[in-house]
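Trainee: Got a structure here, written out as structure tokens. Questions coming.
The values are calculated or read from the model by the stated rules, or taken from the named source; none is laboratory data. Every value quoted in this text rests on a predicted model; they were computed, and no experiment measured them. Ideal geometry is used to build each Cβ from the backbone, glycine not excepted, and the neighbour counts take in all protein chains shown. Heavy atoms of the whole protein, side chains included, go into the accessibility calculation; ligands, DNA and RNA do not. Shrake-Rupley method; radii C 1.70, N 1.55, O 1.52, S 1.80 Å.
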Amino acid sequence: MFNNKKILAVVPARGGSKGVPRKNIKLLAGKPLIEWTFNAAKQSKYIDRIVLSSEDDEIIETAKKIGFDVPFKRPAELAQDDTHGIEPILHAVSECDGFDYVMMLQPTSPLRTVEDIDKFIEWSFSKNAKSTVSVCEPSKSPYWMYNMEENKLLCPLIPEHSLVPRRQELPKVYSLNGALYIAEIFWLQQMKNFMSNQTIGYIMPQERSYDIDTILDFQICEYILTNSNYN
């Protein structure tokens, strides 16, 4: 709870991963991937309840052994490749009454810490935000990116900055890192998206912003977790 507002955290973990098969329960530095998110979230000073949303029996069973609260099984139609990411969150909210805010904690961000979570919540409330998402500076600036035309000619994505020679002269930009999302529940039910013109950003460092989508991402996080002080 923060400022007398109750916070529900939802960890969405479907079984149909394509890039890394069964990645949500694949062992990462000796623990199922979902356990890294659970361990960080359960230490939060502000989260009142952490629930897992999954349609997959093996993931659910693994989550329960870790200590997850799994009060429902996600309907299969909300676990398809084309299911919008907000739908499982809205479903979880409908299954769990009595909360003012909902957080989405994707298990694919295992380097996120409890300090990140609590500072993120504090930041969001300090700004009276309807919705807040975590971001980081991208490793490659979009001001140095190009479209390739049919004749293979490169066309600057942002033409007015195509000739900037030094990175230090480029405008600062940020990308979603997938680690942290929070919104006022009533607002989210109306907007059906964490992103809007009312959404604010919370900056996280690049080194804790890995979002596992490929085997290489998995291997990088494995190395970091094996050679660090993460719990």
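Trainee: Starting from the Cα of Lys140, step 7 Å along the direction of its Cβ; do the same at Glu207; then give the gap between the two resulting points in nm.
Mentor: Between Lys140 and Glu207, the simple spin-label model gives 2.4 nm.
Trainee: So between Asp81 and Ile220, what do we pick up on full extension, going 0.36 nm a residue minus the alpha carbon distance?
Mentor: Between Asp81 and Ile220, full extension yields 47.5 nm more.
Trainee: Something else: Check cross-link reach from Lys172 to the aspartates and glutamates: straight Cα distance under 18 Å, and skip same-chain residues fewer than eight apart.
Mentor: Filter leaves Glu137, Glu160, Glu207.
Trainee: For the stretch 57-146, how many pairs of lysine residues have a Cα-Cα distance under 20 Å, where the two are 8 or more positions apart or belong to different chains?
Mentor: Value for the stretch 57-146: 4.
Trainee: Would you mind estimating how fast the chain diffuses translationally, via Stokes-Einstein at 10 °C and 1.306 mPa s with the Kirkwood radius over Cα pairs, in µm²/s?
Mentor: Diffusion coefficient, whole number: 84 µm²/s.
Trainee: Can you send over the carbon and sulfur percentage of the accessible area for the stretch 38-106, probe radius 1.4 Å, protein chains only?
Mentor: 41
Trainee: Could you give the dipole magnitude of the chain about its Cα centre, charging the beta-carbon of Lys and Arg +1 and that of Asp and Glu -1, in debye to the nearest 20?
Mentor: Its charge dipole is roughly 480 debye.
Trainee: Let me ask something else. Over the stretch 1-90, give the accessible area per residue in Å² for a 1.4 Å probe, as an integer.
Mentor: That works out to 45 Å² for each residue.
Trainee: Before I look further, what does the stretch 124-189 give for accessible area per residue, probe 1.4 Å, in whole square angstrom?
Mentor: Here the residues of the stretch 124-189 average 63 Å² of exposed surface.
Trainee: Write down Rg/Rh for the stretch 79-197, rounded to two decimals, with Rg from the C-alpha atoms and Rh from the Kirkwood relation over Cα pairs.
Mentor: Taking Rg over the Kirkwood Rh, I get 1.08.
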